[in-house]
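Below is one structure, written out as structure tokens; the observations come after it.
The values are calculated or read from the model by the stated rules, or taken from the named source; none is laboratory data. Keep in mind the model is a prediction, meaning the values are calculated, not measured. Every residue, glycine as well, gets a Cβ built from its backbone with ideal geometry; the counts of neighbours run over all protein chains shown.
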Amino acid sequence: MLNASRYLKIGAVVLLAVAILAFPSLAPNPYILSAGVLVLNYAVLSTSWNFVGGFTGYISLGHGALAGLGAYGTGLLVAKGGLPPFLALFAGAALVAALAVPIGFAALRVRGASFVIVSIALVLILLLVFQSSASVTGGSRGLVVPRPFDLTRPEHHRVFYYLFAGLLAVALLAWWLIDRSRFGLGLKSIREDEDKAEALGTATFSYKLIVFVVSAGFTALAGGLYALWFGDLDPVFQFSILTGSYLVLMALLGGVRQLFGPVAGAIIVGTALEYFKVEYGDTPLHLVATGLLLGLVVLFMPDGILPAIGDLLKRFDRTQKSSIREVTAAELREQRRGEQDDPNRTAMTEAGR
Amino acid sequence: MPTTSFRARISRNALAATLILTLGACSSGDGDAAGGNADDPIVIGVSLPLTGDFSEPGKGVQQGYEAWQKIINEKGGLLGRQVELKILDDQSNADRVVADYEQLIGKDEVDLLFGPFSTRLVVPSARVAEEYDMLFVEPAGAAKEVFEQGFKNLFYAAPAVANDHYNHLAEKILAMPADQRPKTAAYAAMDDPFAQGTAYGLKDKLEAGGIKTVVNEVYPPNTTDFSGIAAKIADSKADVLVGGSQYQDGVNLIVALQQLRYQPKLAAFSTAPTNPEFASAIGNKTAGVLSPTGYSQDAQYPSNKEFVEKYTAQFGKAPEEDQANGYTTGQVVAAAVTAVGCAEQGECQKKLVDWVRANTVETVVGPLSWDETGKPKGAHMIQQWVGGDIKIVLPEDVKEAEFLYPKPAW
Amino acid sequence: MPSGALLFQSILLGLLLGGLYALLASGLTLYFGIMRVVMIAHSAFLILAAYLAWYLHDSAGIDPLLSMIVTVPLFFGAGVGLQRLLLTRLRPATLTMMSVLLTFAVALLIEGLLGYAFTGTQRRINLGYGSASIELFGARIAVVKLIAFGLAAVALTTLYLLMKRTRFGWALRATIQHRDAARLLGIDTEKVAGYGFGIGLATAAIGGTALSLDTTIYPSLHWHWIGPLMAIIVVGGLGSVPGAAIAAMVLGMAQSLLQIPMGTTWAQTVFYVALFATLAFRPQGFFGGRLAQRF
């Protein structure tokens, strides 16, 4: 009964893993390989974003800034601090995670709207700071990060492709573990109804803060790896609001409640971005396309395409009728519109699942 | 994965050129299959910022490249092969510019490369070229940082790097008698390696000559309100005003200063005053504004007359500095290819690099030669707005008008 | 130490800048009060209005001030449409978050289309009186800046009178304070909310015209504005129009004065420092009420 869909799921995961691992050998030239590295980078970033966005429902538009911090942290530790590249990568990520504590402290004390505002402000202020502190960061002259390996360029791409794939696997594993834990349950109760979660004794603030720091750490690792791969950092491109919005778009499009949602979104949006660049390069139509897609997803498909595909499959799979499906508080509320119901049941259904 | 989507996008003009080319090949009717590469066109890969922050100068460089392509093809091409440009848009974005050159070299297997626009984009893209061992002549990476990266394949196709743009002006000012020489100077530069390079090149020389710096402001490229900076400069009453500007920021700063009725004795701005729109943008109050330029339409170099004439016929207006830089890049690469006798990836590129390093090339901006780092060994001319027109005033041997100091009120 | 003249000049500039910030922030506050919506696209509409003013001036020679005859009603309609057709479609439970993304998408759309229509070139209206200025106690004020400030002041006063003195204003304020209670009193809150949105967007039309008088515009300029405006509405207390206006004046002045010792780039950070400080020490903002605490 349930097994059919489970096998299907496992099969899909194996297929995805094989496809990702086989890609470098199939790529016809280094350019396609480098585009693959970029897509994987997006996949890691949006999976990292999904620690906050998926579990708690807090939408951050500022994760681009955390990636930029990771990139500059790693880059500066290598270029100015003389640390070995991969030590610098982890040290940089640890620094960013530590920095995420006060940022999270300010941002997470307030609900929804202010959180988004803070996340945008984070990008803008870091852009100003990194541009202005030219003596440390190189400012608009950029920062050159030395190559970690002495390889030809195609080999360099191949190595980093696998490094990004490894990081993606670790990030996915961490998300999966949290998803199945009590901690994850607490986080999801915040997403569904923060007041009730708090009333039921969940330490909402520390939960949010911890998951924000974890998310920042993974984001910084991806940013640092990018710095080692790409080699040239410029504040304008590292601290860009667009990066953050791409991550949100990818995760939402794929489905924030799904383990592989952000990866699927990254593959779709990353490829689409390349396509638009190649086809409509000399117009700003990629912005229009991004805007339209984001608007459509928000309006008509806020749960993403993976659940949509899942629903479609279920329609064929008649055996599986009474599945235990996650129901959002909003859906429940809509179901019971008109009924005067015990308001606590929403939270209880969720928590007691 | 993005395998199907990476179809080559050839700019419309290049496409048209290819079409004409193909038709020409058909009509000439040599049917024997293209066994050797002698009949294939030489493909030159370029990435330019056609959208985004640098799109205006980016398009200027593109026109320069296209003019060069047309002129060279009319003469029978390079090594008897026609020349084809493959221009991609990098959206003024460093990620993109790297991906573009990666695509041009790896996927499209172009024979030669031309550089992009802006220092910010030149450094990352030069690294790609370097790591694939391609000759990289570029039209716009003028900041000195470009030449401090240890690139061996990079050459800047213009007379001088940013920091040397004002050399003639600095000499002139410091040669003035002590009682006439300005005492104080104010600097405002955009946070951009090129713009800052020009202003600080002059600043270093004037400070060394004892002219006191009273204001030194840096503003981010997205600044639109210059009233605060203008207030500081006007308050300092500096004798000399130096703006490290691109285009619009220079205009905005001048308007803001005019609103405050500030009258310096000397005002020099990079790039902005050479723009054809400049005079009308600041309400024709241009009196005495100075600007360095690497190019003059009236320069007497033989290739320049041809360039100006044919460019004007093609685009309906005379070329500016960006166009000339693009054209110069083409001339440098063409000279190397003609001398070495090859144009393809691999061994050939090394020979091209060695040739450019060892030789002097005649171009529309004069004879160019380079040092070990790819830095050109020349200086810029200084132009001044005199009576509604911009004229070369320095150096003495090429001047079209007398250098005016102190400048008339604007 | 800066001279007295420079200080005075900077204070005047800060006042003029603060006026514009106040007008724009009041629009943002209105949206938030009505629907708990953070309208990221507000500044994109601002730039759109500036572009329309520029375009009308450039192609038909119409004075930017006259362009408001077209843009203000147009934007009012667009605001009503945006609220009624798009925002009401979102699920109430996730409205605040999703509205951010939706308006973000609208902002990208506007930026992309502006870039498509007018390219990324920076534009500036060349007015005959562009560099004219008047003297005030030794300081100089540009005429165009004075006009922009005047526009902001008139618009803000009108908004204030509308909110305080008209039946519609009462209905709007009732809707902001307690939507359900307002509905019980027979107010058509949906309609009122739509009109409120229209008014908010109309302030962007006026602000954009004011902006176009004296500065350069380009499609991605709206990012440059949205940050400070967001900071202003949080510092002022989300949902409080007077709070936003006061915060706008204070922060505009601070930016102008800090430019003297710190330079342009660092002076811009004052908005974000104020934002973080507010959230860390007084999350409800300095002038906001209970409302702000929960959002």
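When you scan region A:77-92, do you find a residue that is in a helix (DSSP H, G or I), more than 14 Å from chain B (Cβ to nearest Cβ), of a type outside the set (Ser, Thr, Tyr) and without any contact (Cβ under 8 Å) to a residue 12 or more places away in the chain, even just one? The answer is yes; a qualifying residue exists.
Having 2 or more residues that are closer than 29 Å to C:GLY169 by Cβ is the bar; report the helices (runs of 4 or more DSSP H) wholly within region C:200-295 that clear it. Step through it out loud before you land on a result.
Working: elements: C:222-236, C:241-262, C:264-268, C:270-281, C:290-293.
It comes to C:222-236, C:241-262, C:290-293.
Residues that are in a helix (DSSP H, G or I) and of a type in the set (Gly, Ala, Ser) were ranked within region B:201-219; the one that is farthest from the chain's Cα centre (by Cα) is B:ALA208.
Residues in region B:164-171 include none that are within 30 Å of B:CYS348 (Cβ to Cβ) and either within 14 Å of chain A (Cβ to nearest Cβ) or part of a loop (DSSP other than H, G, I, E, B) (or both). Here is the figure for region A:177-201: residues that are farther than 30 Å from A:VAL37 by Cα, among the β-branched types (Val, Ile, Thr) and out of contact with any Ser or Thr (no Cβ under 6 Å at 6 or more places or on another chain) total 0. Can you tell me which of A:GLY142, A:GLY166 is surrounded by 21 or more Cβ atoms within 10 Å (Cβ to Cβ) and of a type outside the set (Phe, Trp, Tyr)? Step by step, each of A:GLY142, A:GLY166 is checked, and only A:GLY142 is surrounded by 21 or more Cβ atoms within 10 Å (Cβ to Cβ) and of a type outside the set (Phe, Trp, Tyr).
Can you name the residue in region B:269-304 that is surrounded by fewer than 16 Cβ atoms within 10 Å (Cβ to Cβ) and of a type outside the set (Lys, Arg) and is also farthest from C:LEU213 (Cα to Cα) among such residues?
Looking only at region B:269-304, we keep the residues that are surrounded by fewer than 16 Cβ atoms within 10 Å (Cβ to Cβ), and these are B:276-277, B:280, B:284-285, B:298, B:300-302.
From what is left, the residues that are of a type outside the set (Lys, Arg) are B:276-277, B:280, B:284, B:298, B:300-302.
Values: B:PRO276: 22, B:GLU277: 18, B:SER280: 16, B:ASN284: 18, B:ASP298: 37, B:GLN300: 43, B:TYR301: 44, B:PRO302: 46 Å.
Per the stated criteria, the residue is B:PRO302.
Filtering region B:268-301 to residues that are at positive phi and within 14 Å of chain C (Cβ to nearest Cβ) leaves B:THR271, B:GLY283, B:ASN284.
Here B:LYS407 meets each of (1) surrounded by fewer than 21 Cβ atoms within 10 Å (Cβ to Cβ); (2) assigned to a loop (DSSP other than H, G, I, E, B); (3) at pLDDT 85 or above with one exception, condition (1).
Tell me whether region A:119-129 contains one or more residues that are within 14 Å of chain C (Cβ to nearest Cβ), part of a helix (DSSP H, G or I) and not aliphatic (A, V, I, L, M). Yes, some residue in region A:119-129 is within 14 Å of chain C (Cβ to nearest Cβ), part of a helix (DSSP H, G or I) and not aliphatic (A, V, I, L, M). Residues that are crowded, with 23+ Cβ neighbours inside 10 Å, of a type in the set (Phe, Trp, Tyr) and either more than 20 Å from C:THR189 (Cα to Cα) or more than 14 Å from chain A (Cβ to nearest Cβ) (or both) do occur in region C:66-84. Conditions: (1) modelled with pLDDT of 85 or more; (2) out of contact with any Gly (no Cβ under 6 Å at 6 or more places or on another chain). C:ALA174 meets all but one. Number of the miss? Exception for C:ALA174: condition (1).
Among residues that are of a type in the set (Gly, Ala, Ser), surrounded by fewer than 24 Cβ atoms within 10 Å (Cβ to Cβ) and touching a residue at least 24 places away in the same chain (Cβ under 8 Å), A:ALA71 is not included. Every residue in region C:107-123 that is more than 7 Å from chain A (Cβ to nearest Cβ) and in a helix (DSSP H, G or I), please. Hits for region C:107-123 are C:ALA107, C:ILE110, C:LEU114, C:ALA117, C:PHE118.
Mind listing just one residue for me: the one in region B:96-129 that is of a type in the set (Gly, Ala, Ser) and touching a Pro at 6+ places or on another chain (Cβ under 7 Å) and, of those, farthest from the other protein chains (Cβ to nearest Cβ)?
If we filter region B:96-129 for residues that are of a type in the set (Gly, Ala, Ser), which is where we start, we get B:99, B:106, B:115, B:118, B:125-126, B:129.
With touching a Pro at 6+ places or on another chain (Cβ under 7 Å) added as a condition, the list becomes B:106, B:115, B:118, B:125.
On the way: B:GLY106: 4, B:GLY115: 15, B:SER118: 11, B:SER125: 9 Å.
Of everything passing the filter in region B:96-129, B:GLY115 is farthest from the other protein chains (Cβ to nearest Cβ).
Here region B:220-244 is the region considered, the condition is being modelled with pLDDT under 90 and of a type in the set (Ser, Thr, Tyr), and the residue that is surrounded by the most Cβ atoms within 10 Å (Cβ to Cβ) is B:SER227.
Results for (1) at pLDDT 90 or above; (2) out of contact with any Leu (no Cβ under 8 Å at 6 or more places or on another chain), shown as yes or no for each residue.
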| site | (1), (2) |
| --- | --- |
| C:ALA60 | no, yes |
| C:THR71 | yes, no |
| C:ALA78 | yes, no |
| C:GLY81 | yes, yes |
| C:LEU87 | no, no |
| C:PRO92 | no, yes |
| C:LEU95 | no, no |
| C:VAL100 | no, no |
| C:ALA105 | yes, no |
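The criterion of being in a helix (DSSP H, G or I), at the interface with chain C (Cβ under 9 Å from one of its Cβ atoms) and crowded, with 24+ Cβ neighbours inside 10 Å holds for B:ASP249. Annotation: of all residues in region A:110-136 being under 26 Å from the mean Cα position of the chain (by Cα) and among the β-branched types (Val, Ile, Thr), the one that is surrounded by the fewest Cβ atoms within 10 Å (Cβ to Cβ) is A:VAL129.
Looking only at region B:30-48, which residues are modelled with pLDDT under 55 and under 37 Å from the mean Cα position of the chain (by Cα)?
Hit for region B:30-48 is B:GLY36, nothing else.
Scanning region B:65-105 for residues that are farther than 17 Å from B:ALA129 by Cα and assigned to a helix (DSSP H, G or I) returns B:TYR65, B:GLU66, B:ALA67, B:TRP68, B:GLN69, B:LYS70, B:ILE71, B:ILE72, B:ASN73, B:GLU74. Which residues, taken from region B:49-59, are buried (at least 23 other Cβ atoms within 10 Å of the Cβ) and at pLDDT 75 or above? Hits for region B:49-59 are B:PRO49, B:LEU50, B:PRO57, B:GLY58.
Taking each residue of region B:109-134 that is closer than 22 Å to B:VAL340 by Cα and looking for partners that are polar (S, T, N, Q) with beta-carbon atoms closer than 6 Å, six or more apart or interchain, yields B:PHE114/B:THR329; B:ALA129/B:ASN153; B:GLU130/B:ASN153; B:ASP133/B:GLN349; B:MET134/B:GLN349. Taken over region C:141-180, the criterion of being crowded, with 19+ Cβ neighbours inside 10 Å and either outside any helix (DSSP H, G or I) or out of contact with any helix residue (DSSP H, G or I) (no Cβ under 9 Å at 6 or more places or on another chain) (or both) is satisfied by C:ILE141, C:ALA142.
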